[in-house]
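Asker: This is the structure, below, for whatever I ask next.
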Amino acid sequence: MGVDRSIIIGVVAVVLIVIAGIVGYYEGSRAVQPKTVTLTQTIRETITLTPTSGGSTPQYPASSQVATQTASATYSVTIVLPRNIGVIGGGATFVNPQMQAWIQRFMDLYKDYSIVINYQSIGSGAGEAKLIDGALDFAVTDVPISRTGFEKLKSRNIPFVQIPIVAGAVSIVYNLPEWDENRCGPLRLSGEVIADIYLGKIIKWNEPAIAQLQKDICRNLLPDKEIIGIHRADGSGTTYLFTAFLSIVNSDWNNKVGYGYTVEWPRDNIGYGIGAKGNEGVSATVKNTPYSIGYVEYGYAIQLGLKMAAIRNRDGNYVLPNTTTVLSALKYVTGIHLPKPDEYWGEYIFHILYREGSETYPIVGTPIMTLRLDVDPNKLQLIKGFLLWILTEGQKEENLVPGFLPLPKEFTERFIPIVESITK
(Lines give C-alpha, C1' and ligand atoms only; values in the text may rest on other atoms or scores of the structure.)
Protein backbone atom coordinates (compact mmCIF):
# COMPACT_ATOMS: atom_id res chain seq x y z
CA MET A 1 0.00 0.00 0.00
CA GLY A 2 1.62 3.19 -1.11
CA VAL A 3 1.89 6.38 0.91
CA ASP A 4 -0.21 9.27 -0.27
CA ARG A 5 2.07 11.62 -2.24
CA SER A 6 0.40 14.68 -0.72
CA ILE A 7 1.34 13.46 2.76
CA ILE A 8 5.00 13.08 1.76
CA ILE A 9 5.02 16.61 0.33
CA GLY A 10 3.45 17.95 3.51
CA VAL A 11 6.02 16.24 5.73
CA VAL A 12 8.89 17.55 3.63
CA ALA A 13 7.44 21.06 3.79
CA VAL A 14 7.18 20.87 7.58
CA VAL A 15 10.80 19.68 7.86
CA LEU A 16 12.00 22.51 5.64
CA ILE A 17 10.10 25.06 7.71
CA VAL A 18 11.63 23.70 10.91
CA ILE A 19 15.13 23.82 9.42
CA ALA A 20 14.57 27.40 8.20
CA GLY A 21 13.36 28.37 11.63
CA ILE A 22 16.45 26.92 13.31
CA VAL A 23 18.77 28.68 10.87
CA GLY A 24 16.86 31.93 11.28
CA TYR A 25 17.07 31.65 15.06
CA TYR A 26 20.82 31.22 15.06
CA GLU A 27 21.36 33.92 12.45
CA GLY A 28 19.17 36.28 14.46
CA SER A 29 20.98 35.49 17.68
CA ARG A 30 24.32 36.10 15.97
CA ALA A 31 23.08 39.50 14.82
CA VAL A 32 22.71 40.81 18.34
CA GLN A 33 25.82 39.28 19.84
CA PRO A 34 28.15 42.00 21.17
CA LYS A 35 31.27 42.52 19.12
CA THR A 36 33.85 43.22 21.83
CA VAL A 37 36.94 45.01 20.62
CA THR A 38 39.79 46.63 22.53
CA LEU A 39 40.43 49.92 20.80
CA THR A 40 43.60 51.90 21.37
CA GLN A 41 44.03 55.61 20.89
CA THR A 42 47.46 57.09 20.29
CA ILE A 43 47.96 60.46 21.95
CA ARG A 44 50.61 62.48 20.15
CA GLU A 45 52.53 65.28 21.77
CA THR A 46 54.71 67.36 19.48
CA ILE A 47 57.58 69.45 20.76
CA THR A 48 59.06 71.96 18.33
CA LEU A 49 62.05 74.23 18.73
CA THR A 50 61.07 77.88 18.82
CA PRO A 51 61.61 79.48 15.40
CA THR A 52 64.19 82.22 15.32
CA SER A 53 63.46 85.71 14.06
CA GLY A 54 65.85 87.88 12.16
CA GLY A 55 64.64 91.46 12.35
CA SER A 56 61.15 91.66 10.81
CA THR A 57 61.58 88.41 8.90
CA PRO A 58 60.46 85.33 10.89
CA GLN A 59 62.29 82.14 9.96
CA TYR A 60 60.43 78.87 9.57
CA PRO A 61 61.66 75.86 11.58
CA ALA A 62 63.15 73.10 9.46
CA SER A 63 61.53 69.67 9.70
CA SER A 64 64.71 68.36 11.33
CA GLN A 65 64.04 70.68 14.26
CA VAL A 66 60.82 68.88 15.16
CA ALA A 67 60.94 66.15 17.79
CA THR A 68 57.86 64.01 18.43
CA GLN A 69 57.08 61.95 21.50
CA THR A 70 54.33 59.34 21.44
CA ALA A 71 52.40 57.82 24.31
CA SER A 72 49.43 55.45 24.26
CA ALA A 73 46.22 55.18 26.21
CA THR A 74 44.00 52.11 25.86
CA TYR A 75 40.23 52.06 26.12
CA SER A 76 38.16 48.89 26.27
CA VAL A 77 34.82 49.36 24.56
CA THR A 78 32.06 47.01 23.49
CA ILE A 79 30.65 47.50 20.01
CA VAL A 80 27.30 45.87 19.26
CA LEU A 81 26.86 45.71 15.50
CA PRO A 82 23.58 44.70 13.86
CA ARG A 83 23.71 42.74 10.64
CA ASN A 84 22.51 43.78 7.20
CA ILE A 85 21.92 47.43 8.08
CA GLY A 86 22.90 50.67 6.40
CA VAL A 87 23.02 54.32 7.45
CA ILE A 88 23.29 57.56 5.50
CA GLY A 89 25.28 60.56 6.64
CA GLY A 90 26.34 63.74 4.95
CA GLY A 91 27.62 67.25 5.33
CA ALA A 92 31.02 68.91 5.33
CA THR A 93 33.24 68.60 2.29
CA PHE A 94 36.04 69.76 4.62
CA VAL A 95 36.22 66.33 6.25
CA ASN A 96 35.06 64.21 3.30
CA PRO A 97 38.47 62.62 2.50
CA GLN A 98 38.82 61.57 6.14
CA MET A 99 35.24 60.29 6.39
CA GLN A 100 35.62 58.16 3.27
CA ALA A 101 38.87 56.66 4.57
CA TRP A 102 37.34 55.88 7.98
CA ILE A 103 34.21 54.36 6.43
CA GLN A 104 36.16 52.10 4.10
CA ARG A 105 38.43 50.91 6.90
CA PHE A 106 35.53 50.28 9.30
CA MET A 107 33.46 48.41 6.71
CA ASP A 108 36.47 46.27 5.79
CA LEU A 109 37.08 45.39 9.44
CA TYR A 110 33.48 44.31 10.02
CA LYS A 111 32.54 43.05 6.55
CA ASP A 112 31.04 39.87 8.03
CA TYR A 113 28.24 42.03 9.43
CA SER A 114 27.17 43.28 5.98
CA ILE A 115 26.97 46.89 7.16
CA VAL A 116 26.92 49.90 4.87
CA ILE A 117 27.81 53.49 5.81
CA ASN A 118 27.27 56.12 3.16
CA TYR A 119 28.58 59.67 3.50
CA GLN A 120 27.50 62.39 1.08
CA SER A 121 29.85 65.37 0.62
CA ILE A 122 27.17 68.07 0.31
CA GLY A 123 28.42 70.88 2.57
CA SER A 124 27.84 71.63 6.22
CA GLY A 125 24.75 73.75 5.63
CA ALA A 126 23.00 71.07 3.56
CA GLY A 127 24.07 68.37 6.00
CA GLU A 128 22.57 70.22 8.96
CA ALA A 129 19.32 70.90 7.08
CA LYS A 130 18.90 67.31 5.88
CA LEU A 131 19.62 65.93 9.35
CA ILE A 132 16.87 68.10 10.86
CA ASP A 133 14.44 67.07 8.10
CA GLY A 134 15.19 63.39 8.71
CA ALA A 135 16.86 62.74 5.34
CA LEU A 136 20.15 61.83 7.06
CA ASP A 137 20.90 59.57 10.03
CA PHE A 138 23.91 61.66 10.99
CA ALA A 139 25.60 64.83 9.80
CA VAL A 140 29.15 66.18 9.97
CA THR A 141 29.74 69.92 10.06
CA ASP A 142 32.95 71.95 10.35
CA VAL A 143 31.39 73.90 13.20
CA PRO A 144 28.75 73.02 15.80
CA ILE A 145 25.04 73.11 14.92
CA SER A 146 24.00 76.68 14.10
CA ARG A 147 21.67 78.69 16.30
CA THR A 148 18.85 78.26 13.76
CA GLY A 149 19.48 74.52 13.51
CA PHE A 150 19.67 74.13 17.27
CA GLU A 151 16.37 75.93 17.78
CA LYS A 152 14.70 73.72 15.16
CA LEU A 153 15.96 70.56 16.84
CA LYS A 154 14.71 71.73 20.21
CA SER A 155 11.34 73.03 18.98
CA ARG A 156 10.66 69.71 17.24
CA ASN A 157 11.78 67.72 20.29
CA ILE A 158 14.43 65.90 18.27
CA PRO A 159 16.98 64.28 20.61
CA PHE A 160 20.58 64.59 19.40
CA VAL A 161 24.23 64.71 20.41
CA GLN A 162 27.16 66.43 18.71
CA ILE A 163 30.68 65.06 19.11
CA PRO A 164 34.04 66.43 17.81
CA ILE A 165 35.75 63.78 15.68
CA VAL A 166 39.05 65.14 14.27
CA ALA A 167 41.17 68.27 13.92
CA GLY A 168 41.95 70.22 10.76
CA ALA A 169 42.77 73.65 9.41
CA VAL A 170 41.62 76.05 6.71
CA SER A 171 44.53 76.84 4.42
CA ILE A 172 44.74 79.93 2.21
CA VAL A 173 45.79 78.76 -1.24
CA TYR A 174 46.92 80.81 -4.22
CA ASN A 175 47.90 80.53 -7.88
CA LEU A 176 50.63 83.07 -8.52
CA PRO A 177 52.82 81.97 -11.45
CA GLU A 178 55.52 84.60 -10.88
CA TRP A 179 56.06 83.78 -7.22
CA ASP A 180 59.32 81.91 -6.53
CA GLU A 181 58.83 79.99 -3.27
CA ASN A 182 62.38 78.60 -3.36
CA ARG A 183 63.71 82.14 -3.14
CA CYS A 184 60.96 83.92 -1.23
CA GLY A 185 59.26 81.22 0.80
CA PRO A 186 55.46 80.97 0.85
CA LEU A 187 53.47 84.09 0.16
CA ARG A 188 52.80 85.96 3.40
CA LEU A 189 49.36 87.28 4.22
CA SER A 190 47.56 88.66 7.24
CA GLY A 191 43.92 88.22 8.13
CA GLU A 192 43.39 91.95 7.68
CA VAL A 193 44.76 91.84 4.13
CA ILE A 194 42.79 88.71 3.20
CA ALA A 195 39.61 90.42 4.40
CA ASP A 196 40.40 93.54 2.38
CA ILE A 197 40.95 91.39 -0.73
CA TYR A 198 37.51 89.80 -0.41
CA LEU A 199 35.99 93.18 0.53
CA GLY A 200 37.25 94.54 -2.79
CA LYS A 201 39.56 97.10 -1.19
CA ILE A 202 42.71 95.46 -2.58
CA ILE A 203 42.41 94.83 -6.31
CA LYS A 204 45.85 93.76 -7.56
CA TRP A 205 48.58 91.47 -6.31
CA ASN A 206 51.29 94.14 -6.31
CA GLU A 207 49.47 96.63 -4.11
CA PRO A 208 51.47 97.94 -1.10
CA ALA A 209 49.31 96.18 1.51
CA ILE A 210 50.45 92.79 0.15
CA ALA A 211 53.95 93.80 -0.95
CA GLN A 212 55.00 95.12 2.45
CA LEU A 213 54.39 91.71 4.03
CA GLN A 214 56.99 90.02 1.78
CA LYS A 215 60.77 89.89 1.92
CA ASP A 216 62.37 93.03 0.52
CA ILE A 217 64.05 91.20 -2.36
CA CYS A 218 60.75 89.56 -3.41
CA ARG A 219 58.33 92.47 -3.43
CA ASN A 220 58.94 93.21 -7.10
CA LEU A 221 57.90 89.67 -7.99
CA LEU A 222 54.26 90.45 -7.27
CA PRO A 223 52.51 90.92 -10.62
CA ASP A 224 50.35 93.83 -11.74
CA LYS A 225 47.37 91.47 -12.06
CA GLU A 226 43.87 91.52 -10.62
CA ILE A 227 43.27 89.06 -7.77
CA ILE A 228 40.53 86.53 -8.48
CA GLY A 229 38.87 85.70 -5.15
CA ILE A 230 37.52 82.13 -5.11
CA HIS A 231 34.93 81.25 -2.47
CA ARG A 232 32.31 78.64 -1.70
CA ALA A 233 29.01 78.89 -3.55
CA ASP A 234 27.19 76.49 -1.21
CA GLY A 235 26.43 76.52 2.51
CA SER A 236 29.79 75.72 4.02
CA GLY A 237 31.32 75.16 7.44
CA THR A 238 34.68 75.96 5.87
CA THR A 239 33.23 79.36 4.96
CA TYR A 240 31.93 79.68 8.51
CA LEU A 241 35.42 79.14 9.97
CA PHE A 242 37.09 81.37 7.37
CA THR A 243 34.66 84.28 7.74
CA ALA A 244 34.63 84.00 11.53
CA PHE A 245 38.41 84.41 11.46
CA LEU A 246 38.09 87.45 9.19
CA SER A 247 35.48 88.91 11.53
CA ILE A 248 37.87 88.61 14.46
CA VAL A 249 40.79 90.34 12.74
CA ASN A 250 39.03 92.93 10.54
CA SER A 251 36.30 95.15 12.01
CA ASP A 252 35.18 96.36 8.60
CA TRP A 253 34.56 92.78 7.50
CA ASN A 254 32.72 92.06 10.74
CA ASN A 255 30.46 95.09 10.31
CA LYS A 256 29.74 94.70 6.59
CA VAL A 257 29.80 90.92 6.00
CA GLY A 258 30.07 88.92 9.21
CA TYR A 259 30.27 85.14 9.29
CA GLY A 260 28.16 82.07 8.63
CA TYR A 261 27.59 79.11 6.31
CA THR A 262 26.90 81.62 3.55
CA VAL A 263 27.76 85.32 3.23
CA GLU A 264 27.57 88.03 0.59
CA TRP A 265 30.93 88.39 -1.14
CA PRO A 266 31.73 92.05 -1.96
CA ARG A 267 34.46 91.02 -4.41
CA ASP A 268 31.83 89.45 -6.66
CA ASN A 269 30.27 92.89 -7.09
CA ILE A 270 33.41 94.27 -8.75
CA GLY A 271 33.75 91.30 -11.10
CA TYR A 272 36.73 89.59 -9.48
CA GLY A 273 35.03 86.88 -7.42
CA ILE A 274 34.07 83.29 -8.37
CA GLY A 275 31.94 80.85 -6.39
CA ALA A 276 32.63 77.10 -6.48
CA LYS A 277 30.90 74.15 -4.87
CA GLY A 278 32.61 72.27 -2.06
CA ASN A 279 36.24 72.20 -1.01
CA GLU A 280 36.72 70.09 -4.13
CA GLY A 281 35.39 72.87 -6.36
CA VAL A 282 37.36 75.67 -4.71
CA SER A 283 40.58 73.62 -4.88
CA ALA A 284 40.11 72.83 -8.57
CA THR A 285 39.17 76.42 -9.44
CA VAL A 286 42.24 77.87 -7.73
CA LYS A 287 44.46 75.27 -9.39
CA ASN A 288 43.09 76.17 -12.83
CA THR A 289 42.82 79.95 -12.40
CA PRO A 290 46.04 82.00 -12.55
CA TYR A 291 46.24 84.91 -10.07
CA SER A 292 43.54 83.47 -7.84
CA ILE A 293 43.26 83.02 -4.09
CA GLY A 294 40.94 80.75 -2.11
CA TYR A 295 40.40 78.89 1.13
CA VAL A 296 40.22 75.10 1.51
CA GLU A 297 40.77 72.41 4.09
CA TYR A 298 44.48 71.72 4.57
CA GLY A 299 44.21 68.14 3.27
CA TYR A 300 42.84 69.28 -0.10
CA ALA A 301 45.78 71.64 -0.53
CA ILE A 302 48.18 68.77 0.15
CA GLN A 303 46.45 66.35 -2.20
CA LEU A 304 46.37 68.79 -5.14
CA GLY A 305 49.78 70.31 -4.46
CA LEU A 306 48.37 73.82 -4.07
CA LYS A 307 50.59 76.58 -2.77
CA MET A 308 49.63 77.66 0.74
CA ALA A 309 50.16 81.11 2.19
CA ALA A 310 51.89 81.64 5.54
CA ILE A 311 49.36 83.52 7.67
CA ARG A 312 50.34 86.07 10.29
CA ASN A 313 49.21 84.81 13.67
CA ARG A 314 48.28 86.70 16.80
CA ASP A 315 51.92 86.85 17.92
CA GLY A 316 52.98 88.39 14.58
CA ASN A 317 54.66 85.31 13.09
CA TYR A 318 53.87 83.92 9.65
CA VAL A 319 52.93 80.26 9.93
CA LEU A 320 51.76 77.47 7.66
CA PRO A 321 49.25 74.81 8.70
CA ASN A 322 50.99 71.66 9.91
CA THR A 323 50.95 69.27 12.85
CA THR A 324 52.80 71.61 15.19
CA THR A 325 50.87 74.79 14.40
CA VAL A 326 47.41 73.16 14.50
CA LEU A 327 48.07 71.34 17.78
CA SER A 328 49.33 74.62 19.23
CA ALA A 329 45.86 76.10 18.64
CA LEU A 330 44.01 73.10 20.03
CA LYS A 331 45.74 73.23 23.39
CA TYR A 332 43.71 76.34 24.25
CA VAL A 333 40.32 74.70 23.84
CA THR A 334 41.07 71.78 26.17
CA GLY A 335 40.97 74.07 29.20
CA ILE A 336 37.61 75.69 28.51
CA HIS A 337 34.21 74.60 29.78
CA LEU A 338 32.66 72.60 26.95
CA PRO A 339 28.86 72.58 26.64
CA LYS A 340 26.95 69.31 26.90
CA PRO A 341 26.55 67.45 23.58
CA ASP A 342 22.88 68.46 23.29
CA GLU A 343 23.43 72.14 24.15
CA TYR A 344 24.20 75.12 21.91
CA TRP A 345 27.92 75.36 21.12
CA GLY A 346 27.81 78.79 19.48
CA GLU A 347 30.96 80.28 20.99
CA TYR A 348 33.06 77.12 20.74
CA ILE A 349 35.03 77.96 17.58
CA PHE A 350 36.10 81.33 18.94
CA HIS A 351 38.15 79.49 21.56
CA ILE A 352 40.28 77.99 18.74
CA LEU A 353 40.46 80.71 16.09
CA TYR A 354 43.28 83.28 16.14
CA ARG A 355 44.79 82.11 19.41
CA GLU A 356 48.07 83.30 20.90
CA GLY A 357 51.34 81.39 20.60
CA SER A 358 54.40 81.92 18.44
CA GLU A 359 53.67 78.78 16.41
CA THR A 360 49.87 78.79 16.48
CA TYR A 361 48.06 78.59 13.16
CA PRO A 362 45.08 80.99 13.28
CA ILE A 363 42.34 79.09 11.35
CA VAL A 364 41.74 75.72 13.01
CA GLY A 365 38.60 73.66 13.51
CA THR A 366 37.36 70.32 14.83
CA PRO A 367 34.62 68.85 12.58
CA ILE A 368 31.66 67.62 14.57
CA MET A 369 29.38 64.62 14.03
CA THR A 370 25.76 65.17 15.03
CA LEU A 371 23.44 62.19 15.27
CA ARG A 372 19.74 61.97 15.89
CA LEU A 373 18.84 59.64 18.74
CA ASP A 374 15.34 58.96 17.40
CA VAL A 375 16.41 56.94 14.35
CA ASP A 376 15.85 53.20 14.03
CA PRO A 377 17.60 51.47 17.01
CA ASN A 378 19.70 49.25 14.72
CA LYS A 379 20.88 52.27 12.74
CA LEU A 380 21.72 54.10 15.94
CA GLN A 381 23.67 51.08 17.17
CA LEU A 382 25.74 51.06 13.97
CA ILE A 383 26.44 54.81 14.15
CA LYS A 384 27.40 54.44 17.81
CA GLY A 385 29.87 51.67 17.02
CA PHE A 386 31.35 53.65 14.14
CA LEU A 387 31.71 56.77 16.29
CA LEU A 388 33.42 54.82 19.08
CA TRP A 389 35.85 53.44 16.52
CA ILE A 390 36.52 56.98 15.20
CA LEU A 391 37.31 58.26 18.71
CA THR A 392 39.76 55.43 19.37
CA GLU A 393 41.26 53.50 16.45
CA GLY A 394 40.31 56.28 14.06
CA GLN A 395 42.64 58.71 15.83
CA LYS A 396 45.69 56.60 15.05
CA GLU A 397 48.11 58.03 12.52
CA GLU A 398 47.65 55.08 10.16
CA ASN A 399 43.92 55.82 10.00
CA LEU A 400 44.28 59.57 9.43
CA VAL A 401 44.43 61.16 5.99
CA PRO A 402 47.28 63.66 5.45
CA GLY A 403 46.05 67.07 6.58
CA PHE A 404 44.02 65.78 9.53
CA LEU A 405 45.18 65.44 13.12
CA PRO A 406 44.02 63.48 16.18
CA LEU A 407 41.91 65.23 18.78
CA PRO A 408 43.49 66.14 22.10
CA LYS A 409 43.11 63.30 24.59
CA GLU A 410 40.97 65.55 26.81
CA PHE A 411 38.31 65.47 24.09
CA THR A 412 38.21 61.73 23.64
CA GLU A 413 38.37 61.09 27.38
CA ARG A 414 35.28 63.24 27.79
CA PHE A 415 33.24 62.08 24.82
CA ILE A 416 33.86 58.32 24.71
CA PRO A 417 31.71 57.67 27.83
CA ILE A 418 28.96 59.88 26.39
CA VAL A 419 28.90 57.86 23.16
CA GLU A 420 28.99 54.59 25.10
CA SER A 421 25.88 55.66 27.03
CA ILE A 422 23.81 56.11 23.86
CA THR A 423 20.82 53.72 23.71
CA LYS A 424 21.50 52.39 27.22
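Asker: Which ones in the range 186-233 are farther than 16 Å from P290 by Cα, in contact with a Lys or Arg (Cβ under 7 Å, 6 or more places away or on another chain) and surrounded by fewer than 16 Cβ atoms within 10 Å (Cβ to Cβ)?
Answerer: Scanning the range 186-233 gives a single hit, A211.
Asker: Looking at I302, is it assigned by TED's automatic domain parsing to the domain that holds T238 and either charged (D, E, K, R) or part of a strand (DSSP E or B) (or both)?
Answerer: Criteria not met by I302.
Asker: Would you pick out the residues in the range 267-286 that are of a type outside the set (S, T, Y) and either within 19 Å of K307 (Cα to Cα) or buried (at least 18 other Cβ atoms within 10 Å of the Cβ) (or both)?
Answerer: R267, G273, I274, A276, G278, N279, E280, G281, V282, A284, V286
For (1) touching a Phe, Trp or Tyr at 6+ places or on another chain (Cβ under 6 Å); (2) of a type in the set (G, A, S), each residue gets a yes or a no:
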| site | (1), (2) |
| --- | --- |
| A167 | no, yes |
| S171 | yes, yes |
| W179 | no, no |
| P223 | yes, no |
| T238 | yes, no |
| W253 | no, no |
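Asker: Also, I was wondering about something else. Suppose the filter is within 26 Å of F94 (Cα to Cα) and without any contact (Cβ under 8 Å) to a residue 12 or more places away in the chain; does E192 pass it?
Answerer: In short, no.
Asker: Also, I was wondering about something else. Show the residue pairs that are 6+ apart or on different chains and have beta-carbon atoms under 7 Å apart, the first residue being within the range 237-259 and farther than 16 Å from K201 by Cα and surrounded by 24 or more Cβ atoms within 10 Å (Cβ to Cβ), the second being at pLDDT below 95 and aromatic (F, W, Y).
Answerer: G237/F94; G237/Y261; T238/F94; T239/Y261; Y240/Y261
Asker: I want to confirm something. Restricting to the range 393-424 and keeping residues that are charged (D, E, K, R) and either buried (at least 19 other Cβ atoms within 10 Å of the Cβ) or assigned to a helix (DSSP H, G or I) (or both), which single residue is modelled with the lowest pLDDT?
Answerer: Checked the range 393-424; the qualifying residue modelled with the lowest pLDDT is E410.
Asker: Related question: Determine which member of the set G275, G260, G271, G316 is within 30 Å of F415 (Cα to Cα) and assigned by TED's automatic domain parsing to the domain that holds T239.
Answerer: G260
Asker: Something else about it: Which numbered condition trips up S171, out of (1) crowded, with 24+ Cβ neighbours inside 10 Å; (2) under 24 Å from E343 (Cβ atoms); (3) in contact (Cβ under 8 Å) with a residue 60 or more places away in the chain?
Answerer: Only one criterion is unmet by S171, namely (2).
Asker: Counting only residues that are touching a residue at least 60 places away in the same chain (Cβ under 8 Å) and either outside any loop (DSSP other than H, G, I, E, B) or out of contact with any Gly (no Cβ under 9 Å at 6 or more places or on another chain) (or both), which one in the range 330-341 is farthest from V161 (Cα to Cα)?
Answerer: L330
Asker: Quick check: anything in the range 288-309 modelled with pLDDT under 95 and of a type in the set (D, E, K, R)?
Answerer: Looking through the range 288-309, at least one residue is modelled with pLDDT under 95 and of a type in the set (D, E, K, R).
Asker: Let me ask something else about it. Take P290 and tell me if it is surrounded by fewer than 17 Cβ atoms within 10 Å (Cβ to Cβ), assigned to a loop (DSSP other than H, G, I, E, B) and in contact with a Leu (Cβ under 9 Å, 6 or more places away or on another chain).
Answerer: For P290, the condition - surrounded by fewer than 17 Cβ atoms within 10 Å (Cβ to Cβ), assigned to a loop (DSSP other than H, G, I, E, B) and in contact with a Leu (Cβ under 9 Å, 6 or more places away or on another chain) - is met.
Asker: Could we say that I336 is among the aliphatic types (A, V, I, L, M), more than 30 Å from Y110 (Cα to Cα) and surrounded by fewer than 21 Cβ atoms within 10 Å (Cβ to Cβ) here?
Answerer: yes
Asker: OK, next. Name the single residue that is modelled with the lowest pLDDT among those in the range 342-381 being assigned to a helix (DSSP H, G or I) and touching a Pro at 6+ places or on another chain (Cβ under 6 Å).
Answerer: Among those that are assigned to a helix (DSSP H, G or I) and touching a Pro at 6+ places or on another chain (Cβ under 6 Å), it is Y348.
The values are calculated or read from the model by the stated rules, or taken from the named source; none is laboratory data. Values in this document were obtained by computation on a predicted structure and should not be read as measured data. Cβ sites come from the backbone with ideal geometry, for glycine too, and all protein chains shown count toward neighbours.
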